[in-house]
Amino acid sequence: MTDTARRELLLPPGLMVLGATSMYLGAAVAVGMFDDLAPSAVAWLRIAGAALVLLIWVRPPRSAWLPARLRLAGCFGLITAAMNITFYEALAHLPMGTTVALEFLGPITVAALGSRTRRDIAALVLAGLGVVLIADVRWSGTGVGVLLALAAATCWAGYIVLGKRVAARGAGVEDLATGFVIAALATSPLAWWVAEAVRDGASAAALLGQGLVLGVASTAIPYALDQVVLRRVGRARFAILLALLPVTAAVIGLIVLGQVPRPLEAVGIVAVALAVAVRSVDPAERSMNTEEIPPS
C-alpha cells in the first residue's frame, strides 16, 4: 500500500475521532448547564456560539449569502439545530444509552440505503451491534422521549444527506457559518429561557462564555471536520464512521476517568473497529462518491 493510499484510508477515521473528542469535551460543558437552562436553550446556545465563532473565523464572502447558496446552507443549519435540540430534549426523558442507540438509527438507515455489497451489510450489522453494546442501553423512559430520540435520528440522517451536498460544493465551512446563522436566528425564541435564567440569578457572562465554548467544541470543530471527511467518502461510509463517536467516548472515559469498559462494551468497541475496517475505502468508492450526490 502506498503512503497516499494509507493516508486516504486512515485520515477519515482519524478526523472522526478528533471531532468526537472535541464534541465530548463540549458535552461536559453542556451537562453543567442543564442545572440552569432547559435542554433546548442549551442547544440554542450551542448553535449560536458556533455561528458567532465561524463568522469571525471564516468571514463568509458576499457570494455565500446569495439565495442560490443560502437555501442549501440554511436547510443544513436548520436540520443540525433540530438534531441538537431533539437530542438534548430526549436526554431529559430517556437514559443516555437508550437515547444514543435510538438516535443512531438515523446513520444506520443512511448506511443501509447506501449498502451495495455483502461487505457493506456486514459493516452495518457490526456497527449497529457495537453501538448498542457500548451505549449500555436501558429500555426505560417515556414515550415522549422515544419520539424525541427518533426525531433526532431522522434529523441525523438529514444531516448526513445535506452535509454531503454541502461538502460537494467545495465551500463547506463557509456554508456551515451561514447555515448556523440562519439556524440561530430561526430558533432565537429559545433564548427566552436564557433570559429567564439570568433573571433568576444565573450569570449572563458565564452562560454566554459556556455557550461559546460549547459552540466551538461541540459544533464548530466536529462539524467542520465532518465536512472534510464528507469530501473524501460517501454517505454510507460516513454513517458507519459515526459509530466511532461512542467508541471515542468510551476511550476518553478510560483515559480520563479510569472507567474500564465492561466486557460487553469491549466487544462493542471491537465490533465498531471491525465495521470501520470492513467498510474501508475500496477502488470503486471514489467513483461512487462523485455519482452519489450531484452538486447543487
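Could you please find all residues in region 204-219 being open to solvent by less than 60 Å² (accessible area, probe 1.4 Å) and either part of a loop (DSSP other than H, G, I, E, B) or over 19 Å from TYR88 (Cα atoms) (or both)?
Hits for region 204-219 are ALA204, ALA206, GLY209.
In the set ALA92, ALA82, only one residue is surrounded by 18 or more Cβ atoms within 10 Å (Cβ to Cβ) and more than 20 Å from THR248 (Cα to Cα); that residue is ALA82.
What about ALA250, is it open to solvent by 50 Å² or more (accessible area, probe 1.4 Å), in contact (Cβ under 8 Å) with a residue 24 or more places away in the chain and either closer than 26 Å to GLY163 by Cα or part of a helix (DSSP H, G or I) (or both)? Against the criterion (open to solvent by 50 Å² or more (accessible area, probe 1.4 Å), in contact (Cβ under 8 Å) with a residue 24 or more places away in the chain and either closer than 26 Å to GLY163 by Cα or part of a helix (DSSP H, G or I) (or both)), ALA250 does not qualify.
Have a look at PHE34, PHE87, PHE76 and point out the one that is in contact with a helix residue (DSSP H, G or I) (Cβ under 8 Å, 6 or more places away or on another chain) and open to solvent by less than 30 Å² (accessible area, probe 1.4 Å). Give the derivation first.
Details: PHE34 fails: open to solvent by less than 30 Å² (accessible area, probe 1.4 Å); PHE87 fails: open to solvent by less than 30 Å² (accessible area, probe 1.4 Å).
Of the residues listed, the single one that is in contact with a helix residue (DSSP H, G or I) (Cβ under 8 Å, 6 or more places away or on another chain) and open to solvent by less than 30 Å² (accessible area, probe 1.4 Å) is PHE76.
Name every residue in region 207-226 that is more than 11 Å from the chain's Cα centre (by Cα) and either more than 19 Å from ILE47 (Cβ to Cβ) or polar (S, T, N, Q) (or both), in order of residue number. Break it down stepwise before answering.
Here is the first cut: in region 207-226, the residues more than 11 Å from the chain's Cα centre (by Cα) are 207-217.
Correct list: GLN210 only.
Listed by first and then second residue, the pairs with beta-carbon distance under 7 Å, at least 6 apart or on different chains, first residue in region 220-246 and in contact (Cβ under 8 Å) with a residue 24 or more places away in the chain and in a helix (DSSP H, G or I), second of a type in the set (Ser, Thr, Tyr) and open to solvent by 10 Å² or more (accessible area, probe 1.4 Å), are ILE221/SER22; PRO222/SER22; ALA236/SER115.
The set of residues from region 168-191 being hydrophobic (A, V, I, L, M, F, W, C), surrounded by fewer than 23 Cβ atoms within 10 Å (Cβ to Cβ) and part of a helix (DSSP H, G or I) comprises ALA168, VAL173, ILE182, LEU185, ALA186, LEU190, ALA191.
If I ask for residues that are touching a residue at least 12 places away in the same chain (Cβ under 8 Å) and either surrounded by fewer than 20 Cβ atoms within 10 Å (Cβ to Cβ) or among the charged types (D, E, K, R) (or both), which ones from region 61-73 would you list? Don't jump to the end; show me each part of the working.
Filtering region 61-73 for residues touching a residue at least 12 places away in the same chain (Cβ under 8 Å) gives 61, 64-65, 69-70, 72-73.
Listed by number, the residues that qualify are PRO61, ALA64, TRP65, ARG69, LEU70, LEU72.
Considering (1) open to solvent by less than 20 Å² (accessible area, probe 1.4 Å); (2) at pLDDT below 90, the lone condition that ILE121 does not fulfil carries the number (1). Yes or no: ARG119 more than 16 Å from the chain's Cα centre (by Cα) and charged (D, E, K, R)? The answer is yes for ARG119.
The values are calculated or read from the model by the stated rules, or taken from the named source; none is laboratory data. These figures come from a predicted structure and were not determined experimentally. Cβ coordinates were reconstructed from backbone atoms using ideal geometry, including for glycine residues, and neighbour counts include every protein chain displayed. Heads up: the accessible areas ignore ligands, DNA and RNA and are worked out on the full protein's heavy atoms, side chains in. Shrake-Rupley method; radii C 1.70, N 1.55, O 1.52, S 1.80 Å.
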